[in-house]
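Written out below as structure tokens is the structure these notes cover.
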């Protein structure tokens, strides 16, 4: 998995969101207005700050989970046009830890790639041959979210109850967000971290 932040607010995002917060209350103190807005849960002002990430080497299973976060924009590597004959795959650690199943897993992936190559060679369009590709197939995407949606994403997907792959992605995205905009993300993360919430949001799903 490779994750990088490729775009973030070029002006002071704290001032940007603070200006929005100050507009709401008629204040002339953007910094204090932002602080009060976040303390009160008035996070709509965070929607003015937008962040874009490039993600590679993750599974289609992870992609399915990511696209459930609907307040985001996605550009995804297309299996219609990319040759999947040498398809790299993601292997869960639980399978890697079982030598017998690991061998069977690898054999199965090779069988799938072999079928794909034979289908394309037989004239089957790539967009049809791809139907045999598994959720393990690696993909890549660019995703853009505003700061409010990112905080919501981190609250759910950094949780220890989240699936391991998307949890790993979420923590790396959070690390980059904190480095870029500490004022907006220093307290972001799973709702249960640091006992900020008694009720775990993942238990509610």
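Taken over region 79-106, residues that are touching a helix residue (DSSP H, G or I) at 6+ places or on another chain (Cβ under 8 Å) and loosely packed, with under 12 Cβ neighbours inside 10 Å amount to 5. Every condition in (1) buried (at least 18 other Cβ atoms within 10 Å of the Cβ); (2) out of contact with any helix residue (DSSP H, G or I) (no Cβ under 9 Å at 6 or more places or on another chain); (3) under 25 Å from residue 173 (Cα atoms) is met by residue 144 except one, and the failing one is (1). Only one of the numbered conditions (1) within 30 Å of residue 50 (Cβ to Cβ); (2) modelled with pLDDT of 95 or more; (3) surrounded by 15 or more Cβ atoms within 10 Å (Cβ to Cβ) is violated by residue 109, and that is (1).
Report whether or not residue 47 is outside any strand (DSSP E or B), in contact (Cβ under 8 Å) with a residue 12 or more places away in the chain and closer than 30 Å to residue 23 by Cα.
Criteria met by residue 47.
Among the residues of region 186-205, what is the count of those that are surrounded by 15 or more Cβ atoms within 10 Å (Cβ to Cβ) and at pLDDT below 70? Show your work before the answer.
Of the residues in region 186-205, the ones surrounded by 15 or more Cβ atoms within 10 Å (Cβ to Cβ) are 188-193, 201-202.
Next cut, at pLDDT below 70 only: 192-193, 201-202.
The number of residues fulfilling the criteria is 4.
Between 55, 76, which is surrounded by fewer than 16 Cβ atoms within 10 Å (Cβ to Cβ) and touching a strand residue (DSSP E or B) at 6+ places or on another chain (Cβ under 7 Å)?
Details: 55 fails: surrounded by fewer than 16 Cβ atoms within 10 Å (Cβ to Cβ).
From the options 55, 76, the qualifying one is 76.
Taking the conditions (1) at positive phi; (2) assigned to a loop (DSSP other than H, G, I, E, B) in turn, residue 91 satisfies each one other than (1).
Just one residue in the set 119, 183, 177, 129 is modelled with pLDDT under 95, buried (at least 17 other Cβ atoms within 10 Å of the Cβ) and in a helix (DSSP H, G or I); that residue is 183.
Take region 58-73 and flag every residue that is surrounded by 14 or more Cβ atoms within 10 Å (Cβ to Cβ) and out of contact with any helix residue (DSSP H, G or I) (no Cβ under 9 Å at 6 or more places or on another chain).
Taking region 58-73 and keeping what is surrounded by 14 or more Cβ atoms within 10 Å (Cβ to Cβ), we get 58-63, 65-66, 69, 72.
Hits for region 58-73 are 60, 63.
The values are calculated or read from the model by the stated rules, or taken from the named source; none is laboratory data. Bear in mind the structure is a predicted one, so any value in this text is a computation, not a measurement. Please note: Cβ atoms are built from the backbone with ideal geometry, for glycine as well, and neighbour counts cover all protein chains shown.
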